[in-house]
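Shown next, in structure tokens, is the structure this report addresses.
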Amino acid sequence: PQPVLTHPFTHFLSKHSAQDQECSATRVDVDAFELSPGKMALSVQDDGIGMARENLHCMLSFGFSSKEHVVGNVGRFGIGFKSGSMRIAHDALILTRREGQASAALLSTTFLNAIDADDILIPMFTWSTSKKASGGHTYIAREPSNTGEWEENMSVIEQYTFLGSEQAVLQELDKITTPTGTRIVLFNLK
């Protein structure tokens, strides 16, 4: 998908982004783009340190926060990302890369409603990564280590996102052009 709009407040966001200084981002880009005719998506991408799988899991767990109570601090109740993203879109794809590791996860009300889920299920993948001499990254599947679970989770990604294969997920990860960072794509906008 080609970006059709770059948010004009990128510099403002990078200087004043939501008090999450622990991510060490110097830049935040917000884009709107067309997935298919008439279907828009939003992406938010930073050049921070990225998240380890454990951090991504915690971010997507309801009610989990490691932040201390500081006046004016956001994110201390562990519902901000989930409630904020689901207010804008039915689905959120989170992609993150840090040194030696990349992960992807799907938070999807479309998927949960389709299977009439009683629990919140979040397909998540982690790859070991290394930088290629020619540019780009090499990805080696790491978690889930159970092949059946990997394939079941990937079928959810293929059916309930705009990505039709693991290769498409890796291409979306490669849109993080800095050595580390996080990319969030909100789709099926409300």
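The values are calculated or read from the model by the stated rules, or taken from the named source; none is laboratory data. It should be emphasised that the depicted structure is a prediction, and the values quoted were computed from it without experimental measurement. For neighbour counting, all protein chains shown are included, and Cβ atoms are generated from backbone atoms with ideal geometry for every residue, glycine included. Ligands, DNA and RNA are stripped out before the accessible areas are found, and what is left, the full protein with its side chains, is counted by its heavy atoms. Shrake-Rupley method; radii C 1.70, N 1.55, O 1.52, S 1.80 Å.
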Could you go through the stretch 117-132 in sequence order and give the Karplus-derived ³J(HN,Hα) for each residue, using 6.51 cos²θ - 1.76 cosθ + 1.60 with θ = phi - 60°, rounded to whole Hz, and x for Gly and Pro? 6, 8, 10, 7, 10, 10, x, 9, 10, 9, 10, 7, 10, 8, 7, 7
Nearby aspartates and glutamates by direct alpha-carbon distance to LYS131 (threshold 17 angstrom, same-chain neighbours under 8 apart not counted): ASP47, GLU99, GLU172, ASP174
Heavy-atom accessible area ranking, 1.4 Å probe, most first, across THR147, THR138, THR177: THR177, THR147, THR138
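What is the sum of charges around THR129, taking Lys and Arg as +1, Asp and Glu as -1, for the other residues whose C-beta is under 11 Å from the C-beta of THR129?
+3
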Estimated FRET transfer efficiency when R0 is 30 angstrom, pair SER36-THR177 (beta carbons, to 0.05): 0.80
If I model a spin label at SER61 and SER128 as a point 7 Å from the Cα along the Cα→Cβ vector, what separation in nanometres do I get? 2.5 nm
Expressed as cubic angstrom per residue, what is the convex hull volume of the alpha carbon set of the stretch 128-190? 102 Å³
Any residue on another chain or 5+ positions along whose placed amide H is under 5 Å from the amide H of HIS137 is listed here as LYS132
